[in-house]
1. Obtain the nm distance between the two label points defined at residue 194 and residue 49 by a simple spin-label model: each point lies 7 Å from its Cα along the Cα-to-C-beta direction.
2. Let me know the shape class of region 121-261, please: from the alpha-carbon gyration tensor, a ≥ b ≥ c as square roots of the eigenvalues, rounded when a/c is under 1.5, otherwise prolate if a/b is greater than b/c, or oblate.
3. Between residue 376 and residue 231, how many nm apart are label points set 7 Å from Cα along the C-beta direction?
4. If R0 is 30 Å, what FRET efficiency do you get for residue 365 and residue 331 from their C-beta distance, rounded to 0.05?
5. May I ask you to compute the full-extension gain from residue 279 to residue 291, defined as 0.36 nm times their residue separation minus their alpha-carbon distance, rounded to one decimal in nm?
6. For a quick check: sort 157, 229 by the number of other beta carbons within 10 angstrom, fewest at the front.
7. Please label the shape of region 278-324 as rounded, prolate or oblate, based on the square roots a ≥ b ≥ c of the eigenvalues of the alpha-carbon gyration tensor (a/c under 1.5 means rounded; beyond that, a/b larger than b/c means prolate, else oblate).
8. How much length, in nm to one decimal, is gained on full extension between residue 115 and residue 207, taken as 0.36 nm per residue of separation minus their Cα-Cα distance?
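What follows draws every value from the coordinates through simple rules; no lab data is involved. Keep in mind it's a predicted model, so treat the numbers as computed, not measured. As a convention, Cβ positions derive from the backbone with ideal geometry for all residues, glycine included, and neighbour counts pool all protein chains shown.
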């Protein structure tokens, strides 16, 4: 019974089934994954083929090569055309400026650097010691000769003068008494009343008094001169500088700076130097008593300041520089020349009459020496060697090689050679050629813009066509 009950319990509650074991790995899993990878690769290859078929890169390469070849051909053609244009331009007449050879007077001028030097530069000092009472000038004032400048206290010298005058009066009285006594002694001597020795002694005394009186007069003149020196006046006419001492100071003749410095301005001189090579021509004019004019210019050598004449030359040549000093004098009425001013001096030595003259820019230097380009009647140029004479700024005299009336090139000669053709801009205005060039440039720009626009529209249509094909597919 118990066994039956156990069986019934067993049937009523069956035992749990054991967990199934994991199946062992089958050998077919690896080939499945490899087949999936091959499918992925195959899909990528198919997509790449479709892309290549859509884009046609080999056609674009062919088109690019053909376009490059055509561009190269057109570039070569353009280069040949450009070279032809350059060659044609080289053979075209060159625009130049010309001037006619003239005849006239040309001066022989020596230009040199100079310094304005006053004829008098005086430091005014006192000639006696004393207290400076007043100063009668203003700094920078123009003063005349003997005009009062300053006053020294004259009272000590006035007292000395009065004392000398008193001494003179005393000695004059003694002299008068001695002369009367001498006259009496001479009368008594004639009567043989006194000895002759007494008469001689009195005569000697008279001489002593006469000498004393003369000395007293000299002392009076000295003190009068001191009073004159106490009144300080201008020794020369000119401009006074800055005051060196103020009123109230005790001044002496040993003061180094003095009271003031006066510089003469009218007339004034300019000292300049020139080479010893120019000395013969200058001496020739000086020995002939010819006054050579000198003009003073400013530092920039552009503005004329004053005109004068050559005064003299130095008596020797400076061996270290090979130059000689010259002095020119100027009236300087306008006070344009100032002491120690730097100027350019132009000395007119001589004048060449009826000289052949060309612009200075027409004369060129080369291996053959100095030459010019002469314009022929057929508007071609030829090289002409010339001998150059004196130069006056923008004008150059030609000693030989040119005739009056011929035309020479003054500008644009760097593009010329023997036999080159020229054109004068005044005869052929550059406005027409410039306008045609501008219109040609605008036409070329318009054509290139149109070509670029058409190319851009073509590229846009090509992209639109590819997009439509892709969408249809």
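1. 17.9 nm
2. Values: a/c = 4.95, a/b = 4.09, b/c = 1.21.
Note, shape of region 121-261 comes out prolate.
3. 8.9 nm
4. 0.10
5. Length difference between fully extended and current span is 2.8 nm.
6. Ordered from fewest to most neighbouring Cβ atoms within 10 Å, 157, 229 come out as 229, 157.
7. oblate
8. Full extension of this stretch gives 26.9 nm more.
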